[in-house]
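Where a number appears in this text, it was derived from the coordinates with a stated rule and is not lab data. Model, not experiment: these values are computed from the prediction. Neighbour counts are summed over all protein chains in view; Cβ atoms, including those assigned to glycine, are modelled from backbone coordinates with ideal geometry.
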Amino acid sequence: MPEAAQEPAEPVQEERTFRREDWYGEEFTGRRFVRCEFHEIDLTESVTRGATFTDCVFGNVRFNASRHFQSAFTGCSFKRCNLFDAEFTGCKLVGSRFEECSLRPLQVSGGDWSFVGLVRADLRGVTFERVRMREADLAWADGTDAVFSDVDLSGADLGNVKLARAELRGSDLSSLDPTQAELAEAIVSPEQATVLVTSLGLHVRG
């Protein structure tokens with residue numbers, strides 16, 4: 001029997017601008033967007049699977065309750081976007097930045113968020129688990145009651161970060177200066193406590 005004809009791959013969308021589109025609940029599987037702009041788009045409850053967004057701009061986009069699996073948003077800019085209850089699983093957001101976005105209660109599991117810009121972000125109660133966040137910029141971010149579990153924060157800018165009551169066990173805290181952060185009641189492992197004490201110039205002896 002002859003082989004079934006394969007459907008042609010979706011073409012790459014390049015340098016296009018989308019405005020005021022209603023994509024509520026849409027599913028984006030394997031689609032690619034390069035240097036595109038999205039303004040006032042409703043992506044509530046949308047799903048991306050293996051989708052790729054490269055150097056794209058998202059302005060006033062609603063990602064509420066959206067789900068993202070093994071997708072990439074690299075070098076993207078998110079401004080005044082709403083990510084209420086959004087979930088990212090195994091996604092790559094290297095070099096992307098968030099400005100004036102609503103990020104609570106964001107859920108991130110796995111993936112690479114290295115070099116991401118989250119300066120002054122409101123991250124209260126958000127969850128990052130098993131995520132690479134090398135050299136991420138979290139200066140002045142508020143991570144009170146957040147979960148940063150098994151997160152690689154090596155080289156990250158954690159200046160003046162708030163991590164009161166945060167779950168930090170398993171994460172690389174080598175870049176954290178405890179004199180420049182709020183850590184009241186944060187949960188750390190004995191090994192992490194040693195790193196923090198050493199950074200204060202103290203010596204732990206039995």
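The rows are residues; the columns are (1) among the aliphatic types (A, V, I, L, M); (2) in contact with a helix residue (DSSP H, G or I) (Cβ under 9 Å, 6 or more places away or on another chain); (3) touching a residue at least 12 places away in the same chain (Cβ under 8 Å).
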| position | (1), (2), (3) |
| --- | --- |
| Ala139 | yes, no, yes |
| Phe148 | no, no, yes |
| Leu153 | yes, no, yes |
| Ala156 | yes, no, yes |
| Ser175 | no, no, yes |
| Glu191 | no, no, no |
| Thr194 | no, no, no |
| Thr198 | no, no, no |
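The residues in region 140-161 that are closer than 21 Å to Asn82 by Cα and surrounded by fewer than 23 Cβ atoms within 10 Å (Cβ to Cβ) can be counted, and the count is 5. If the condition is being touching an Asp or Glu at 6+ places or on another chain (Cβ under 9 Å) and either crowded, with 22+ Cβ neighbours inside 10 Å or basic (Lys, Arg) (or both), then region 162-196 contributes Lys162, Leu163, Arg165, Ala166, Arg169, Ser171, Ala186.
Of the candidates Val34, Val61, the single residue that is crowded, with 16+ Cβ neighbours inside 10 Å and closer than 21 Å to Phe98 by Cα is Val61. Scanning region 72-113 for residues that are among the small types (Gly, Ala, Ser) and in contact with a Gly (Cβ under 6 Å, 6 or more places away or on another chain) yields Gly75, Gly90, Gly95, Gly110, Gly111.
Scanning region 122-137 for residues that are under 11 Å from the mean Cα position of the chain (by Cα) and in a loop (DSSP other than H, G, I, E, B) yields a count of 5.
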